[in-house]
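Peer 1: Below you will find the structure I want to go over with you.
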Amino acid sequence: MVRENCGVVGILAPPGGNAVPAAIDSLRALQHRGQEAWGIAVPGREPLRRLGLVSESSRDFKKIAAEYHSPAVIGHVRYSTMGGSSLENAQPLRVADLCVAHNGTISDAAELSNLVGGCTFTPQSSSDTLVAASRLVSLMSSGGGMGRALSLLRNEMAGSYCFTFISDDGSVYAARDPRGFRPMVLGRRAADGAHMVASESSALAAVGAELVRDVRPGELLRLSGSGVDSEMFAPGEKTAHCSFEFTYFAHPSSRMEGTNVYVARKQIGRLLAKKFPLDDADLVIPVPDSARPAALGYAQELGLSFDEGLLKDRYSKKGPLRSFIEPHQTDRVEINRWIIPIREIIEGRHVVVIDDSLVRGTSSRAIIKALRRAGARRISMLVTYPPIRHPCYAGIDFPSREELAAHAADGMDEAGATEVVRRHIGADFLGYNDAANLAAAVGMPADSMCFTCSNGDYGALGVAPALKSGGPGGGA
């Protein structure tokens, strides 16, 4: 079953307006959430879907905007956690008179498929998005509208989901799962009164819209000419906001759950400095790009020098991309190969390297080797995210347990487990952040966030997943 963590957008402009150009610009602002494919859907048309980055279709933007002219539009950028990078798997998808774009992972999609055609939905021929949308359309056909259908579907469906929908009558809807795993925000553009929903506020800012608020977990929104209608399709549940969004996935300019991501990452670095005060270091450097605010916060807290000792080659084909969300290991290696150390900054110095996460350890090992070749005297690596020991089934592509660097030390105490990983990556010192520190930096209780990939508690998903063993996986 194809599953994905991606970026979604939905816009309703005034009658006669054209929301398609804004949708394209919003998707470009969400490109960090998915690099494999993108697409848009408007009422009464088959969705437009393209492989690759949004910018790779820039020559066609004017033609697309004219051909798909509509005041109502939804869009999607794709990052797969399973499934190939094919046009068939791109979104939005159409089911009957409804088009849907999805960010998240439906954990029980295989079981749910039994309610929408059984054997016609196979792991090779369908996606969790298609299964969920097909079941939703089936429930809507019995009457009661989308709110009632979602309230029934949420009892059958486990996992994480933020949906945008568009119907052939021009209605735009958005829904967020009752746990709030994945982010979603509501915005409004004062210039023309257009209403928007998007995965992150960075998409709103890109088109001159203001953030109104976060979409509430369990909330269904309908965008209409008269404004925004809200309906709770699920009762309030204990939230499980994805903690990985705050250290890696989200754009640093975005504001989520009342917190600016850049400020949170910088505070993570400050708290990491209090946990690991390596004040004998000569230099603090980030692994580009997500760790930069944390590295700056760490350096400022201890009064250490901060510099860019590692730079991405942004002129190579893969260099500017994010390695973690590439679907194939060869592409991830190619991206990390173009992270280049600056010898004049590093040589002869004790370098503290700040990274946002350590998954397989492949990237960390390669970076440490490069720093050694550049003459670093000592290398200490600090990771802003806790040890990742378990696969994610809520929309992030952490691989099978056997492939995770920290899982190899599962069962050991914290010090012993860290030492195993330190030897694996070749650092002189390794330190991990912890859940309490991360939550404090974000400014919310740790038990309101999801740390399943670290603690192995899948209770918030509402299902005990069949854990992956081996396979292509993802991560760095």
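The values are calculated or read from the model by the stated rules, or taken from the named source; none is laboratory data. All of these numbers come straight from a predicted model, not from anything done at the bench. Using ideal geometry, Cβ is built from the backbone for each residue, glycine included, and neighbour counts are taken over all protein chains shown.
Peer 1: Give me the strands (runs of 3 or more DSSP E) completely within the range 192-287, filtered to those with at least 3 residues that are within 30 Å of Arg148 (Cα to Cα), ordered by residue number.
Peer 2: Answer list for the range 192-287: 194-198, 210-214, 219-224, 227-232.
Residue-wise test of (1) basic (Lys, Arg); (2) free of Cβ contacts under 8 Å to residues at least 60 places away in the same chain.
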{"residue": "Lys238", "(1), (2)": "yes, no"}
{"residue": "Met256", "(1), (2)": "no, no"}
{"residue": "Val263", "(1), (2)": "no, yes"}
{"residue": "Ile268", "(1), (2)": "no, no"}
{"residue": "Lys274", "(1), (2)": "yes, yes"}
{"residue": "Pro277", "(1), (2)": "no, yes"}
{"residue": "Pro286", "(1), (2)": "no, no"}
{"residue": "Ala291", "(1), (2)": "no, no"}
{"residue": "Ala295", "(1), (2)": "no, yes"}
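Peer 1: Moving on to the next point. Scan Asp282, Asp307 and give me the residue that is under 18 Å from Ala370 (Cβ atoms), modelled with pLDDT of 95 or more and out of contact with any helix residue (DSSP H, G or I) (no Cβ under 9 Å at 6 or more places or on another chain). Outline the logic, then answer.
Peer 2: Numbers: Asp307 fails: out of contact with any helix residue (DSSP H, G or I) (no Cβ under 9 Å at 6 or more places or on another chain).
The unique qualifying residue is Asp282.
Residue-by-condition table, conditions (1) within 17 Å of His76 (Cβ to Cβ); (2) at pLDDT 95 or above; (3) buried (at least 23 other Cβ atoms within 10 Å of the Cβ); (4) assigned by TED's automatic domain parsing to the domain that holds Val100:
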residue: Gly118; (1), (2), (3), (4): no, no, no, yes
residue: Thr129; (1), (2), (3), (4): yes, no, yes, yes
residue: Gly145; (1), (2), (3), (4): no, no, no, yes
residue: Thr164; (1), (2), (3), (4): yes, yes, yes, yes
residue: Gly180; (1), (2), (3), (4): no, yes, yes, yes
residue: Gly208; (1), (2), (3), (4): no, yes, no, yes
residue: Val212; (1), (2), (3), (4): no, yes, no, yes
residue: Arg216; (1), (2), (3), (4): no, yes, no, yes
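Every residue, every condition in (1) crowded, with 18+ Cβ neighbours inside 10 Å; (2) without any contact (Cβ under 8 Å) to a residue 40 or more places away in the chain; (3) within 30 Å of Val20 (Cβ to Cβ), yes or no:
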{"site": "Met157", "(1), (2), (3)": "yes, no, no"}
{"site": "Ala194", "(1), (2), (3)": "yes, no, yes"}
{"site": "Glu219", "(1), (2), (3)": "yes, no, yes"}
{"site": "Gly225", "(1), (2), (3)": "no, no, yes"}
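Peer 1: Identify all residues within the range 447-476 that are outside any loop (DSSP other than H, G, I, E, B), of a type outside the set (Val, Ile, Thr) and modelled with pLDDT of 90 or more; write none if there are none.
Peer 2: Asp447, Ser448, Met449, Cys450, Cys453, Ser454, Asn455
Peer 1: Looking only at residues that are charged (D, E, K, R) and surrounded by 17 or more Cβ atoms within 10 Å (Cβ to Cβ) in the range 244-281, which one is farthest from the chain's Cα centre (by Cα)?
Peer 2: That would be Arg270.
Peer 1: Separate question: In this structure, does Ser80 turn out to be modelled with pLDDT of 90 or more and among the hydroxyl-bearing types (Ser, Thr, Tyr)?
Peer 2: No; evaluated as a whole, the condition is false for this residue.
Peer 1: Does Ala234 satisfy being touching an Asp or Glu at 6+ places or on another chain (Cβ under 9 Å) and among the small types (Gly, Ala, Ser)?
Peer 2: Working: touching an Asp or Glu at 6+ places or on another chain (Cβ under 9 Å): yes; among the small types (Gly, Ala, Ser): yes.
Judged against the criteria, Ala234 is a match.
Peer 1: Related question: For a quick check of your reading: which helices (runs of 4 or more DSSP H) sit entirely within the range 328-429 and have at least 2 residues that are under 21 Å from Ala281 (Cα atoms) and modelled with pLDDT of 95 or more?
Peer 2: Numbers: elements: 329-337, 343-346, 362-373, 414-425.
It comes to 343-346, 362-373, 414-425.
Peer 1: Among the residues of the range 168-177, is there at least one that is out of contact with any strand residue (DSSP E or B) (no Cβ under 6 Å at 6 or more places or on another chain), farther than 18 Å from Val42 by Cα and in a loop (DSSP other than H, G, I, E, B)?
Peer 2: No, the conditions are met nowhere in the range 168-177.
Peer 1: Give me a count of the residues in the range 274-305 that are under 15 Å from Ala441 (Cα atoms) and of a type in the set (Ser, Thr, Tyr).
Peer 2: 1
Peer 1: Please name all residue pairs, on different chains or six or more residues apart, with Cβ atoms under 6 Å, provided the first residue is in the range 59-73 and is under 19 Å from Pro15 (Cβ atoms) and in the same structural domain as Gly225 (by TED's automatic domain parsing) and the second residue is among the aliphatic types (A, V, I, L, M) and assigned to a helix (DSSP H, G or I).
Peer 2: Matching pairs, first to second residue: Ala65/Val20; Tyr68/Val20; Val73/Val20; Val73/Ala23.
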